Amino acid sequence: MVQFVGFESKALGRKYTFTVRESSSEPREFTLTIANKAFNDHRVRYQDAPDVCSLKLRRELATNANHPPGSHFDITDIDLEDYRSTHSPRKGRNTYDRKTMEDF
C-alpha cells in the first residue's frame with residue numbers, strides 16, 4: 001500500500017513523502033522531488049503533484065519488484081509529459097453548446 005504523507009517546500013522544489021507498507025515488512029519511506037521551475041512553467045499544477053509522484057513511485061516499485069534501488073526520485077520532464085498526456089481533458093462535444101433558434 002502506497003500512502004501520501006505530506007510535502008515540504010524547499011529552495012529548489014517541493015519534496016513529497018510517501019510510505020509503502022507491505023504485510024511482511026516494516027513500512028518504508030520514499031521521497032520524490034518536483035522542481036519549482038516545473039510549477040512556475042505551468043508543466044504541473046500544485047494539486048496534481050501528489051498524483052504525479054504517486055504514479056512515478058508505483059512505476060518504480062513495479063519495475064523493481066517492490067524494492068527500488070533508492071528511496072528518493074526526481075520527477076523528470078518525461079514523467080510530467082506522461083502524466084499530462086494521460087490526464088488531459090478529452091475533446092468532445094460541448095454539452096452546453098448553444099441551440100439554434102427556430103422560427104415558429
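Here, each number is a calculation from the coordinates, and none is a lab measurement. Given the structure is predicted, the values throughout are model-derived calculations rather than measurements. Every residue, glycine as well, gets a Cβ built from its backbone with ideal geometry; the counts of neighbours run over all protein chains shown.
Computed quantities for the displayed model
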read-out	value
Along each principal axis, Cα extent of the range 2-86, largest first, Å	42, 26, 20
For PHE73, distant residues with modelled amide H under 5 Å away	THR31, LEU32, THR33
Order of ARG45, ARG14 - criterion: other Cβ atoms within 10 Å of each residue's Cβ, fewest first	ARG45, ARG14
Which of LYS15, LYS10 has the fewest Cβ neighbours within 10 Å, and the rest in rising order	LYS10, LYS15
Charged-residue dipole, Cβ positions (Lys, Arg, Asp, Glu), the range 2-86 about Cα centre, Debye nearest 20	140 debye
Fewest-first sequence of LEU61, LEU12 by Cβ atoms within 10 Å of each Cβ	LEU12, LEU61
Distant alpha-carbon pairs in the range 6-50 (separation over 13 angstrom), percent	59 percent
In order through the range 43-56: 3J(HN,Hα) via Karplus (6.51 cos²θ - 1.76 cosθ + 1.60), integer Hz, x for Gly, Pro	8, 8, 9, 4, 6, 8, 4, x, 5, 4, 5, 4, 5, 4
